[in-house]
Structure formats: structure tokens, C-alpha cells
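Single-structure report; data block below.
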Amino acid sequence: MRAATGRPTLKDVATRAGVSIGTASAVFAGKPWVTEATRTAVLEAAAELGYRPRERRAAALPAADVGTVGFVSWMSEMFSPANPYYAPVLFGAQQACAELGISIAYEVVDPASGRLPLCVERRQVSGLLVLSFASDDDYLRRIIAEGVSCVLLEHPGADLPVDHVRHDDETGGHLAARHLLDLGHTDPPPAIVTGPEGVLPAEHRLAGYRRALAERGLRPLPGYVRRSRFDAATGYEQTMELLALPTPPTAVFFANDESALGGLDALRDRGLRVPEDVSVIGYDDIAMAAHASPPLTTIASDKELLGAQAVWHLVQRIRKPDMTSRDTRLGVRPVMRSSTAVRVHRVRFPGETA
């Protein structure tokens, strides 16, 4: 597949090689961390497509005037580099910084303490990438007042001179629910296990799910919208709650892959088969999704690109702090694996009345 102009792009090469755009870029940049197998796959894909990397403009590379930036996350297990979703986000940011000659420092903060990030207090950074599930606008204003530019990942800041980079999660939620509906899971309609209230990516995915059902003239049945903490444990718990309903669902959309993995465990423990009895779709396409049992159908987001795009925006904002705020949404796409299937019968759940 080629770009509409006929000229093969780096994205075409990445797709052909089965890697992310960031990884394909790293191959042509000669990064030492790329495995030989990946390097070979990318170069072979480039040769097959006739791709030739453009010469980099010297003015676009060095960012020595930027120096060091910070990557700050709020104190939460959900939003830390240990999380299988955010580890590649941080990796993407690190790679973008390396290409620009910028240092990056990571720090966990607790706004409730009243303390600004140490890297800000010590004037070690000229800009911050802020990863937060509930941005504290007053806290951000204090950071900006110190002359530090900010780019927010996932969550916007109200009326602040910052940039916001996120995935198109409402579209993603719509794609996930529509996929289940297209497979015949309409009576009952699919259920959803979404994230905590106030977590905007979860709310946007829920809005997309509701829109897909409404387009078919459907509404979720009572108890079909469940909240998790975006982890396997609560994914398991909420799946058990769904299975205990008078009419359990035959399909479930989990708003992140970690909770979907817990859901698969719950279905297995109840003696139900996936996808024969219950179809399951996740969200994010974390690395372990492809190795679930069965491999998880999911909505993929380019996590490395999220981190890299945030860095590129931050460099521009540091250089032009008065520029208008930007809200950048990255596309998502469905990845079809083995955990969803056409509904062929109405499974009788253990304990369900006739």
C-alpha cells in the first residue's frame, strides 16, 4: 500500500515490515538498539516499495537551545512507566529527544503536596511533558508561571497556553462497539467495562460505544456499563458482575487491554469459551495482547508516536511560548485477532434461568 501521491512513505514501510513508524525511523537513523531481524525487515520492506529516506534538514535536527525537558506523571500506578501502555509512550519521547539532541528527565509528582516538580524548582528544564489523568489547572499555572512550557498527554488543560496530544478515543470506542455489533451481538447488545469516572480517555471511549449502539437503535441493558481501574483485577471483578446479571452479555468491550486480560481469566474460570460463547475486544494493543489466550482483538493506538509527537510540540512551544494552544488527536485502528467471532447461538450461562 502506498501513499496517495504514489511516493512510498515511511508509514508504508513500517506497515509492510510490521513495526511502528518510530521503529522504522530508528532503522534509517542507525539507532543501535534496533535488532538485526527488525533492521532487515524494514530495509527489505523499503527495497520492495522503492522507498528512499529524504535528506534531513540540518535546521530541523539540533535543539541545543532547548537543553533538557522533563517527563512528569502524577503519583498513580495507573499512569507510570511501569504500566504496559505508558512504557512505550515514554520510550517514544526518549527516542524523539535523542534524535533532537535533548536530554529528558523523568519524575513522579504529587500535586497535593504543594511542591512543584524538583526539575522545575531547580530550573533544570525548559519544558515539561505532563502525563496526568486529572490535570490540576492551578498546579499547571504555577509551573507555567516559572517560565516552563508544557505539553499535556491524554488530558487537556482548561484555558491554558499548553498543547494537548491524545488519541482519537471516541472514534476508537465507536470502532470497537461497531465491530461487535457487526458480528451479530445485538440482542443483548455488547457490554462495556470502561475506566474510572473522570479519566477522559475512558469517557471518550464510552461515548464512542454509546454512539455505535445508538446508531443501531440500541441502548445498554441495566448493569451493562461497568467501571474498572484499568487493571486486570478489576477487569476480572466486573466481568464476574456482568456474568451474574439476569441476561449476561455475549460480547464485552473492555476500554483497555489490561482489564480485558482480567476479563478473559474470569470467563475461563466460569467455563466459558472465547469467542464461541463470549466475544471480547480490548483497547490499546499493548505488547501482551497478541499473546493472550486467545490472542486479543483490540483497538491499536500508536503509543510511541504519542510520546514523540508530544516532544515535537514541546520543542516548538519552548521556542515560541506565545503560540496558540493545539489539540492534536492521533488516529487509532482495529487489530483483528481470535477473541471475537460471529454470534451463532445464545449461550446458556451457568445458573441462568430459562
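The values are calculated or read from the model by the stated rules, or taken from the named source; none is laboratory data. These numbers come from a predicted model, not from an experiment. Virtual Cβ from ideal backbone geometry, glycine too; neighbours counted across all protein chains shown. To get the accessible areas, we keep the full protein, side chains included, count just its heavy atoms, and leave off ligands, DNA and RNA. Shrake-Rupley method; radii C 1.70, N 1.55, O 1.52, S 1.80 Å.
In table form, for the structure just shown:
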quantity	calculated
Residues satisfying the stated conditions in region 21-43, i.e. of a type in the set (S, T, N, Q) and open to solvent by 30 Å² or more (accessible area, probe 1.4 Å)	Thr35, Thr38, Thr40
Where Ala251 falls short, out of the listed (1) touching a Ser or Thr at 6+ places or on another chain (Cβ under 7 Å); (2) within 19 Å of Tyr85 (Cα to Cα)	(2)
Helices (runs of 4 or more DSSP H) enclosed by region 1-108 - at least 1 residues per element that are within 30 Å of His155 (Cα to Cα) and modelled with pLDDT under 75	21-28
Selection from region 253-303 of residues that are under 16 Å from the mean Cα position of the chain (by Cα) and among the polar types (S, T, N, Q)	Asn256, Ser259, Thr297, Thr298, Ser301
Matching residues in region 210-226 - criterion: being within 22 Å of the chain's Cα centre (by Cα) and either of a type in the set (D, E, K, R) or open to solvent by less than 20 Å² (accessible area, probe 1.4 Å) (or both)	Arg210, Arg211, Ala212, Arg226
Selection from region 198-226 of residues that are part of a loop (DSSP other than H, G, I, E, B), among the aliphatic types (A, V, I, L, M) and either out of contact with any Asp or Glu (no Cβ under 9 Å at 6 or more places or on another chain) or modelled with pLDDT of 95 or more (or both)	Leu218, Leu221
Test: Ala207 is open to solvent by 50 Å² or more (accessible area, probe 1.4 Å), farther than 23 Å from Met288 by Cβ and not β-branched (Val, Ile, Thr)	no
Boolean, Leu330 is touching a strand residue (DSSP E or B) at 6+ places or on another chain (Cβ under 8 Å) and crowded, with 22+ Cβ neighbours inside 10 Å	no
Residue within region 175-192 that is within 15 Å of the chain's Cα centre (by Cα), modelled with pLDDT under 90 and over 17 Å from Arg326 (Cα atoms) present	no
Residue match in region 312-321 (condition: among the basic types (Lys, Arg) and modelled with pLDDT of 95 or more)	no
